[in-house]
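Notes to accompany the following structure.
Quick note: the coordinates plus some simple rules give every number you see, no bench work behind them. Everything numeric here is computed off the predicted structure, so don't read it as measured data. Here the Cβ is made from the backbone with ideal geometry for all residues, glycine too, and neighbour counts use every protein chain on show.
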Amino acid sequence: MSTDVTDRSGPGIRGDGAVGADNATDRRVRRLLFGCAVITVLTTLAIFFVLIDNAASYFFGAKLTEMLLGASVERTVTFTEFFSGTRWAPDHATPGHGVLPIVFGTLAITVGAAFVSIPIGTATAIYLSEYSSKSVRSKLKPTLEILAGIPTIVYGYFAIAFINPVIVAPIAETLFGINMGRYSLLSGMLVVGIMTIPMVSSISEDAMSAVPDDLRNGAYALGATKFDVSTRIVLPASISGVFASYILAVSRAIGETMAVTLAAGMQPQITANPFAEIMTMTAYMVKMARGTTAVGTVEYQSLFAVGLLLFVMTLSMNLLNDWFKRRFQEEYR
Amino acid sequence: MSSETDHDLFADVDLGWEHRKNRIFLGLIFAASMFGVLMLALLLFDVATDFYVGLTEYNINLVDFFTRDGSRREELSGFRGAIVASITLMVLVTFLAFFVGVGSAIYLEEYAPDNRITRLIEANLANLAGVPSIVYGLLGLAAFVNGIGMGPILLAGAIALGLLVMPIIIVSAQEALRAVPDGVRNGSLATGATQWQTIRNVVLPAAMPGIMTGTILALARAIGETAPLIMVGAIFINRMPRGPFDRFSAMPTQIYNWANEPSQHFIHLAATGIVVLLSFLFVMNLIAIYIRHRYETEI
Amino acid sequence: MSTEEQSLITTEVQTENTTRADRPDETVLEARSLDVYYGQDQALTDVSIEIPEHKVTAMIGPSGCGKSTFLRSINRMNDQIDACRVDGELSFHGKNVYDEDVDPVALRRKIGQVFQKPNPFPKSIYENVAYGLRVQGTVDDVDLDDAVEQALRGAALWDEVEGKLDSSGLDLSGGQQQRLCIARAIATDPEVILMDEPTSALDPVAASKIEDLIDELVEEYTVVIVTHNMQQAARISDRTAVFLTGGELVEFDDTASIFEDPADDRVEDYITGKFG
């Protein structure tokens, strides 16, 4: 563009001058943005570190960091006691350090909730993907999204103000003659089940909708009914996505806090009675945090031991999900 | 076999049972689909009636409710402090999470080479989204409240919530950036713009409505989060926070407090608080939907 | 499916097609003034045709001429499309398939279909073939193995897949997949097999295997094939129907007459490549 003979560096495409400054800005921005992205990795590392560091003081009487600085190590709680004891009361005058009762609480809620959310969520997904008309679908989907967007504290309120007194307690009284308290395992199962229905239904429906119509047509042309196509073609073909939704719902139920705390209560015990009050791991954490728990007390430390266990449980669910997705990729292209 | 008449043409195919099976199945899955809808209706109905009964039978005065702070005494309890705390939290969360979140998304979508570090960041992002919210509370408690000695202040809660919603903001911003057609980028690069100039002048403006929508929905998630706030100690505080370094109790923690009280008056205060919280969520979703529709055609 | 029909597969395969052309025409499918609409668009206009039993009837014509639509009207696969509307009559053995009392599911058990793109289910080879039988619940487990083998032999695939029936149908080559789909269609022993451009996604060698197979299939079944390939229609069909744009059936006659001495000028233009 310039015929200036004094510019002997070529036609000006070497990228110095103004362009050079622009490129320097570009590189600086890139480094800055990379820094932003790394924060998410640091968050994960910080979670790991904080949980392990503080949980160590529960088991060994000193944080990892304090040990490195030369603090003495003493076994306060043995792993055997933690993982096999059946009495959980770290804050009691005669403390019990067996985590099983609250692990039971968490698993019982999770399994019970899965019995609600998995069949209902899967059925909803099949209805949405295979049976429903466009107009029904366009109303049903947003409605389920609302269900997913309601804060867990509101579900907790729903449990304590409605499910427990209006649904579960009358059943307990009329059918079994049990006089129930404000909290019950069953209402915890129900409320967590209800809140995880949208996770199962929406992720499963995505997977089912991704099954190519070629396959459906192939089956219909053989004289299959919608029922056959749904259960023998679509469901098997989308099974990995459907399964992923189950794992996510289970993972969500394990970590669920407010709804179970308000629904199922704070009484750590292993029981087969669905009308009894129980305590989940998360409810224990809420209980400890509510109290005036001081740093360095065994109660404070136990918070992180339980938190670490909870984190490991949900993390393994997520990893299982990853593995499952890779292992059982949908075969159709 | 070619001379079959009308009526016995399909006589050898008995489909009665199969069609019945299909109809029974449809009935079952339709009932299951309606279960979720029914539960939503019950939940909203329950909150609405409790709210109404609170106003009529427990004489909860809405003016008092919005102008008083929490109190040990039920008849003096209001929601003002909690509302102010929640709004302050949202402002802080926006500052903390929006820029870093969108920055990460830009890096991942526009700059990141396809290498192990990028894949690690992406995988980690998916994993963070699956971490229970209460664990973010533990992080806030150990690292900020006690670790660097912040104490149970509003800023600590905002950091916990900010870290919690960051993955959500990043993923939605990534989707918004991905929706910008490559032609737009190439057009800008071909005029001699650097990558950053292209992003700042062309890509970001095009993706901004999507990013805003995603951020508002992430904030809607944050405003209802209870567990992380309880973990950093946002509970049993009744007065209004006087800034980010003050102790606080936000809307959801105040509702939890009330819902846990045995007194029916407190239960109905909780219902009233839930109506306010759901109204906030409703408005935030409306704004998100408005932005989405307003700009949908322009991309 | 009657038992004598089942036995037909095994016994009659050997009878060569010497008599095929001389066989008297028994009409199995008949369309009368058939109109098909997709929403506002008319895909078929006033189509009337009689399709003879145990013959290969080819449908040719330029893309968008409605030949695939016609095929999908026969087994009511068009029902899957919400906006689709059908007027006129389409009879199968004299019974209008669009009558109120006709069950499309039952109809499709009599009329099988093979699609343009091979669409095996993501299941094993065995399960692919057994699918229709299981759905229809007509065969018990002991006979299932037998039926699967017969169908795979009938589709000229048995020799290639014997011993790996448990591997996925998706691991086969394109041509094998298409023959698997044919095996799937004939396993339930329909009367008619509809084929919608069954070789267009295949390489020439695989395509010629399918053509040979069609030649054998017509001994047992009535075959209606849509093809965009005029040479293929000329090679394998007894009758040829030419559709032209607008969903109009322009000419229907013996394949030889269509290709050697078409009555309609537009057909001649199309055959000789002047348009389409």
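For chain C, a simple Cβ point-charge model (Lys and Arg +1, Asp and Glu -1, everything else neutral) yields a dipole of about 860 debye relative to the Cα centre. Cα-Cα over 26 Å: which of C:K164/C:K209; C:K67/C:K117; A:K139/A:K325; A:K226/C:K123; B:K21/C:K164? Beyond 26 Å: A:K139/A:K325; B:K21/C:K164. In this structure the amide hydrogen of C:M195, modeled in the peptide plane, comes within under 5 Å of the amide hydrogens of C:V114, C:V224, C:I225, C:V226, none closer than 5 places in sequence on its chain.
For the protein assembly as shown, the 222 nm mean residue ellipticity estimated from helices alone, with every DSSP H stretch of n ≥ 4 adding -39500 (n - 2.57) and the total spread over all residues, rounds to -18500 deg cm²/dmol.
Going from the residue with the fewest nearby Cβ atoms within 10 Å to the one with the most, C:R184, A:R327 rank A:R327, C:R184. Toward the positive end of the charge dipole of the protein assembly as shown, with +1 on the Cβ of Lys and Arg and -1 on the Cβ of Asp and Glu, the farthest Cα among A:G121, B:A97, A:Y220 is that of B:A97. Counted over the protein assembly as shown, the DSSP beta bridges are approximately 60% antiparallel. With q set to 0.08, 0.16, 0.17 Å⁻¹, the log10 of I(q)/I(0) for the stretch A:85-328, from the Debye formula over equal scatterers at the Cα positions, is -0.37, -1.12, -1.20.
Charge dipole (Cα centre; +1 on Lys/Arg Cβ, -1 on Asp/Glu Cβ; no other charges) of the stretch B:86-250 amounts to roughly 340 debye. Between the stretch A:154-218 and the stretch C:211-255, the alpha-carbon centres lie 57 Å apart.
How much FRET efficiency would the formula 1/(1 + (r/R0)^6) give for B:A31 and C:A83, where r is the Cβ-Cβ distance and R0 is 30 Å, rounded to 0.05? After rounding, the FRET efficiency stands at 0.55.
Taking the Cβ of A:E205 as the centre, find all other residues whose Cβ is under 10 Å away and add up their charges (Lys, Arg: +1; Asp, Glu: -1). It works out to a net charge of 0. When only Cα pairs below 8 angstrom with a gap of at least 6 residues are kept, the stretch A:85-328 shows a relative contact order of 28 percent.
Across q = 0.05, 0.09 Å⁻¹, the protein assembly as shown modelled as identical point scatterers on its alpha-carbon atoms has Debye log10 I(q)/I(0) values of -0.42, -1.01, in the order of the q list. Projecting the Cα positions of B:F66, C:T240, A:I239 onto the charge dipole of the protein assembly as shown (unit charges on Cβ atoms of Lys, Arg, Asp and Glu, taken about the Cα centre) puts B:F66 furthest along the positive direction.
Once a ≥ b ≥ c are taken as the square roots of the eigenvalues of the Cα gyration tensor of the stretch C:53-181, is the result rounded (a/c under 1.5), prolate (a/b larger than b/c) or oblate (a/b not larger than b/c)?
prolate
Which of the trypsin sites (Lys or Arg not before Pro) found in the stretch C:133-180 are in a DSSP loop and have at most 16 neighbouring Cβ atoms, other than their own, within 10 Å? Show your work: numbers first, answer last.
Values: sites: C:R134, C:R153, C:K164, C:R179; in loops: C:K164.
In loop regions of the stretch C:133-180 (DSSP not H, G, I, E or B), the sparsely surrounded trypsin sites (Lys or Arg not before Pro) are C:K164.
With a Förster radius of 45 Å applied to the beta-carbon distance between A:E145 and C:S257, the computed FRET efficiency rounds to 0.15.
Estimated from the Cβ-Cβ distance and a Förster radius of 60 angstrom, the FRET efficiency linking A:A272 and C:D265 is about 0.10. Does the stretch A:30-105 come out rounded, prolate or oblate, given a ≥ b ≥ c as the square roots of the eigenvalues of its C-alpha gyration tensor, rounded meaning a/c under 1.5 and, failing that, prolate meaning a/b above b/c? Oblate shape, in that a/c is at least 1.5 and b/c is the bigger or equal ratio.
Label-to-label distance for A:D213 and B:I117 is 4.6 nm, based on points extended 7 Å past Cα in the beta-carbon direction. Model label sites at B:V63 and B:R292, defined 7 Å from Cα along the beta-carbon direction, differ in position by 4.0 nm. Among the residues of B:105-111, the average count of other protein chain beta-carbon atoms within 10 Å of the residue beta-carbon is 5. Give me the percent of Cα-Cα pairs in chain C that sit more than 30 Å apart, rounded to a whole number. The answer is 28 percent, as a whole percent. Shielding by partners for peptide A:311-322, expressed as the average number of C-beta atoms from other protein chains within 10 Å of each residue's C-beta, is 3.
Using 0.36 nm per residue and subtracting the Cα-Cα separation, the extra length available between A:R31 and A:V19 on full extension is 2.5 nm. Put a dot 7 Å past the Cα of B:A41, heading toward its Cβ, do the same for C:D101, and the two dots end up 4.0 nm apart.
Extension gain for A:A93-A:L320 works out to 77.7 nm (0.36 nm per residue, less the C-alpha to C-alpha distance).
Each of A:R27, B:R68, C:R109 has some number of other Cβ atoms within 10 Å of its Cβ, and from fewest to most they run A:R27, B:R68, C:R109. Each peptide among A:305-317, B:172-184 gets the average number of other Cβ atoms lying within 10 Å of its residues, and from highest to lowest they stand as A:305-317, B:172-184.
A simple charge model with +1 on the Cβ of Lys and Arg, -1 on the Cβ of Asp and Glu and nothing else charged puts the dipole of the protein assembly as shown at about 6660 debye relative to its Cα centre.
As I understand it, the dipole of the stretch B:86-250 uses +1 on the Cβ of Lys and Arg and -1 on the Cβ of Asp and Glu, about the Cα centre. Which of B:G151, B:L164, B:A190 lies farthest toward its positive end? Most positive-ward Cα: B:G151. Peptides C:207-220, B:123-136 ranked from most to least packed give B:123-136, C:207-220, packing being the mean of other C-beta atoms within 10 angstrom over each peptide's residues.
Name the shape class, rounded, prolate or oblate, that the alpha-carbon gyration tensor gives for the stretch C:202-242, where a ≥ b ≥ c are the square roots of its eigenvalues, rounded holds for a/c under 1.5, and otherwise prolate holds if a/b is larger than b/c and oblate otherwise. Cα axes put the stretch C:202-242 in the oblate bin. The stretch A:294-330 and the stretch C:110-171 have Cα centres separated by 45 Å. With the highest mean first, a sort of the peptides B:92-100, A:98-106, B:263-271, C:198-206 on other beta-carbon atoms found within 10 angstrom per residue produces A:98-106, B:263-271, B:92-100, C:198-206.
With only alpha-carbon pairs counted, each pair once and no self-pairs, how large is the Kirkwood hydrodynamic radius of chain B in angstroms?
Kirkwood radius, chain B: 22.8 Å.
Taking every residue in A:155-167 and counting other chain Cβ atoms within 10 Å of its Cβ, the average works out to 5.
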